[in-house]
Each structure stands twice: as structure tokens, then as C-alpha cells.
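Novice: Mind having a look at this structure? Questions to follow.
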Amino acid sequence: MGDKINILFLVNKFDIGGVQKVNVQMINLIDKDKFNVHILYVKDGIMKQEIIDQRIVFIKLGDKLELKSFVNIKYLFKILRYIKVNNIDIIHTIDPILYFIGATASHFTKIKHIRSQPNFIRKYEKLNAKTLKILPFEKWTNKYITFNNSTKMDLNLAGVPLEKIQTIHSYAKIDELNNVTNLSDIRQEINIAQDTKIICSIGRLVEGKGLETFIKMIPFIIKDYKNVIFLIVGDGPLKEELIKMCEEYGIEKSVYFLGFRTDIPNIVKQITLGVYVTADSAGMIDIPWGHKVLISRQSDIMKEYILDGETGILVNSDKPEDYANIVIRLLQSPEYINVMELKTKEFYSNKFDGNKNMKIFQDLVIKLINNK
């Protein structure tokens, strides 16, 4: 073990989702020559197979995680025991319930705790916002990490001092996303012509992702632009409802539901552009990471991921026809798309390189541990 830092990741589950993706990216990227990585987790999932380093220690805590459950007390005692036996130096949490458990464990074992905050805290984690003020979890957390400055300010408004918050934008490996060589032809897979334009939506098929607006814009587009199809990549509880919605609008022949995919970089390489229609959170960042143009809802959070008119388009509207008009305008201006793709490549290489950002995280951990 030597002088390596023992870091413990508390993970709820390894199924599909933004939080799960961040956990996997961090675990894969962290320098194993400097850190011994321990993972205590609750539920298995398909993304667990993406962690292949044999030096990583996996221990299953249990099978469920609920807010009001005596099981959480059992988990806490398991974690306390694990910390002492394995000389853990620092805990990282991102899941809301494991945040409470992890902060408590760090307090009683006198080790450091880092909490990654994925969403607007007052909108998505009202309980967290309340507990920050009336319970000691904020005091028992040494550092908060946000993935954008909007969430940083929101977390500060919820009661966390600014000096305890650091923004690290991404842990995605830019080289992996953009050095895809063995392309599997998506047009051949779905049996469309090679010159067909592709408009894409990527993400879980759940409420709040703007998928209904995405579908509603399609009739406006295909009325004026014929050589285009639409991909919906992802799975979730809304799938059947969205398929039925396409049938009701008479656009089912133009929309392809690809389900869950493990070859997202391959798909992004071949699309024309993406559309993400919500102001509530960041989403579909895989598209600009792959140097493709993304059209999204105007919001403080998306302004950090899209330079309006330069790397993509931000729309100050919720109307499907407004998104359709922009899509049509871009489809009719391939030169403009090419210019934006080049600017997107430069922007993301400078700001969102996971290798660079992981070094920031590692330096933060080392500093916390040295400041005992």
C-alpha cells in the first residue's frame, strides 16, 4: 500500500444515469499509482462492467437504499468498520442518501469527506437544502464539488460557504470520445440512405428531459425538410408513451428508438446535431463532447456548456416550432454546422478534458488530507 491514499467511493447503484456515469468516470480516471480505490455499493448494474481495473476493491453493502430505513443504520456500521479495517483516508459521495451516511461516517472516524453535487440543490434535493441548515451534514463535509458554476451558486444559496465549493466541469476522457475508429454504420443499421441527416436525443426516457417537445417539433421539420430522421437513444419508463405519441403524430416512420446503447461516441460521430429541450438541468453533453452541435433551452446551466451561436444554439422558448425552425435553418446551412463543430472541439478540449480535471480532483484530495 505504501504512501498511497485510500479513497472510498460510496455508490448507490451502477445502472444508467448521469450520477452513475460520473461515479464510473471518476473511478476509472483516478490515478491508481497514487490512490487505492475502494468501492462500497448497494446495487449492481450494467455500468459496473465498465470498471475493469483489477486493483479496485468492490464490496456490496446490501440490496436497497431508502431515505427512511433502518437498513441505512446497518450500512453506516458496515462503513465505519470498513474505514477502520482498511485505513481509509477520505470518502466520496454523490448519491443523496449516501451523502448523509458518508458524512456521518467521516465524522465518527475523523476522516475527510467530499460530496459531489450533481443538480440544482433547491429544485431536486429540497430535503438536502433543509438538512444543510438544521442538521450537521454540511459541517461534516470538507468539500463540495459541482459540475457547473450555476449549481455552485445554488449550493451556496442553500447554505454552503463558497470556500467549501469547487467546480470541476467533467471527468469524461476527451480522447476516448473523439478517437473512435471502428465505426459501426448507424445508417446501415437502421437502413437509411447515407446522405440522410440525423437529429438525435440521448438520455433516460423519464419526465423532465423535454422528450415530449422533441417529438412535437418533428412534424414541423419533416414538413419542410424531407431528408432527415430522428434518433431517440436511451431507455426508461416513458418509452411506450413516447412511441405511442409518435404514432399519434403520424411520425413513427421518421423516429427510431435505439434503446440503451454502449456505443454513444460511435453514434455521436455520425449524427448531424442534437436537441435537448429543458432548462432544468444539464443534459446530452455527450453531443458537444463529440464535437457535434447541440440545440438546447436557454438557461444559466446550459450557458456553461454551449456558447450560443458559436458551439450550438440556445433557445429562449418552450415551443416545438421554435426548435424546429432552428433545426431547419441549420440543416440548410451545413457550412455553419462545420464552423460550429470546429469551435466546439476547441471549447471542450480546453474546458472539459477529464484527464486534466481529474488532476484537479486529486490535488484537492491531497490538500484536504494534508490539512489535518
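The values are calculated or read from the model by the stated rules, or taken from the named source; none is laboratory data. Everything quoted here is computed from the prediction, not taken from an experiment. Positions of Cβ are backbone-derived with ideal geometry, glycine not excepted, and every protein chain shown enters the neighbour counts. These accessible areas exclude ligands, DNA and RNA; they are computed on the full protein's heavy atoms, side chains included. Shrake-Rupley method; radii C 1.70, N 1.55, O 1.52, S 1.80 Å.
Novice: Anything in segment 42-71 that is in a strand (DSSP E or B) and within 23 Å of the chain's Cα centre (by Cα)? List them, or say none. Break it down stepwise before answering.
Specialist: Let us first name the residues in segment 42-71 that are in a strand (DSSP E or B), namely 42-43, 57-60.
Listed by number, the residues that qualify are VAL42, LYS43, PHE58.
Novice: Identify, from the list ASN350, ASN338, ASN357, ASN325, the residue that is over 20 Å from ILE229 (Cα atoms), open to solvent by 30 Å² or more (accessible area, probe 1.4 Å) and not basic (Lys, Arg).
Specialist: Criteria check complete, one pass: ASN350.
Novice: Exactly one condition in (1) surrounded by 15 or more Cβ atoms within 10 Å (Cβ to Cβ); (2) in contact (Cβ under 8 Å) with a residue 40 or more places away in the chain is false for THR311; which is it?
Specialist: All conditions are met except number (2).
Novice: Another question, then. Would you mind telling me which numbered condition in (1) open to solvent by less than 50 Å² (accessible area, probe 1.4 Å); (2) modelled with pLDDT under 85; (3) among the charged types (D, E, K, R) LYS126 fails?
Specialist: Against the list (1) open to solvent by less than 50 Å² (accessible area, probe 1.4 Å); (2) modelled with pLDDT under 85; (3) among the charged types (D, E, K, R), LYS126 comes up short only on (1).
Novice: Restricted to segment 360-372, and to residues that are open to solvent by 90 Å² or more (accessible area, probe 1.4 Å) and assigned to a helix (DSSP H, G or I), which residue is modelled with the lowest pLDDT?
Specialist: ASN370
Novice: Shifting gears a bit: Looking only at segment 90-111, how many residues end up being aliphatic (A, V, I, L, M) and part of a helix (DSSP H, G or I)?
Specialist: 5
Novice: Condition (residue is open to solvent by less than 40 Å² (accessible area, probe 1.4 Å), under 28 Å from THR151 (Cβ atoms) and of a type in the set (D, E, K, R)) applied to segment 223-239: is it met by at least one residue?
Specialist: no
Novice: Counting just the residues of segment 1-22 that are part of a strand (DSSP E or B) and in contact with a Gly (Cβ under 9 Å, 6 or more places away or on another chain), which one comes out most open to solvent (accessible area, probe 1.4 Å)?
Specialist: Out of the qualifying residues, it is LYS13.
Novice: Kindly list the number of the only condition in (1) open to solvent by 10 Å² or more (accessible area, probe 1.4 Å); (2) part of a helix (DSSP H, G or I) that fails for ILE267.
Specialist: (1)
Novice: Can you find a residue that is within 28 Å of the chain's Cα centre (by Cα), at pLDDT below 95 and over 19 Å from ILE59 (Cα atoms) anywhere in segment 75-93?
Specialist: no
Novice: Give the residues of segment 134-153 that are closer than 19 Å to GLY18 by Cα and either surrounded by 18 or more Cβ atoms within 10 Å (Cβ to Cβ) or in contact with a Phe, Trp or Tyr (Cβ under 9 Å, 6 or more places away or on another chain) (or both), sorted by residue number.
Specialist: TYR144, ILE145, THR146, PHE147, ASN148, SER150, THR151, LYS152
Novice: Does segment 55-72 hold any residues that are modelled with pLDDT of 90 or more and loosely packed, with under 13 Cβ neighbours inside 10 Å, and which are they?
Specialist: Listed by number, the residues that qualify are ARG55, LYS60.
Novice: Checking ILE190 against (1) farther than 21 Å from LEU330 by Cα; (2) crowded, with 17+ Cβ neighbours inside 10 Å, which test does it fail?
Specialist: Only one criterion in (1) farther than 21 Å from LEU330 by Cα; (2) crowded, with 17+ Cβ neighbours inside 10 Å is unmet by ILE190, namely (2).
Novice: Spot the failing condition for ALA105; the list is (1) within 30 Å of GLY283 (Cα to Cα); (2) touching a residue at least 24 places away in the same chain (Cβ under 8 Å); (3) not β-branched (Val, Ile, Thr), and only one is missed.
Specialist: (1)
Novice: Kindly check whether there is at least one residue in segment 75-88 that is polar (S, T, N, Q) and either out of contact with any strand residue (DSSP E or B) (no Cβ under 8 Å at 6 or more places or on another chain) or open to solvent by less than 20 Å² (accessible area, probe 1.4 Å) (or both).
Specialist: No.
Novice: Tell me, please, whether a residue that is open to solvent by 70 Å² or more (accessible area, probe 1.4 Å) and within 24 Å of the chain's Cα centre (by Cα) can be found in segment 23-41.
Specialist: Scanning segment 23-41 turns up no residue that is open to solvent by 70 Å² or more (accessible area, probe 1.4 Å) and within 24 Å of the chain's Cα centre (by Cα).
Novice: Looking at THR213, THR167, THR272, can you tell me which residue is under 20 Å from VAL22 (Cβ atoms), of a type in the set (Ser, Thr, Tyr) and open to solvent by 10 Å² or more (accessible area, probe 1.4 Å)?
Specialist: That would be THR167, the only listed residue that is under 20 Å from VAL22 (Cβ atoms), of a type in the set (Ser, Thr, Tyr) and open to solvent by 10 Å² or more (accessible area, probe 1.4 Å).
Novice: Something else: Restricting to segment 279-300, what's the tally of residues that are at pLDDT 85 or above, part of a loop (DSSP other than H, G, I, E, B) and surrounded by fewer than 22 Cβ atoms within 10 Å (Cβ to Cβ)?
Specialist: 2
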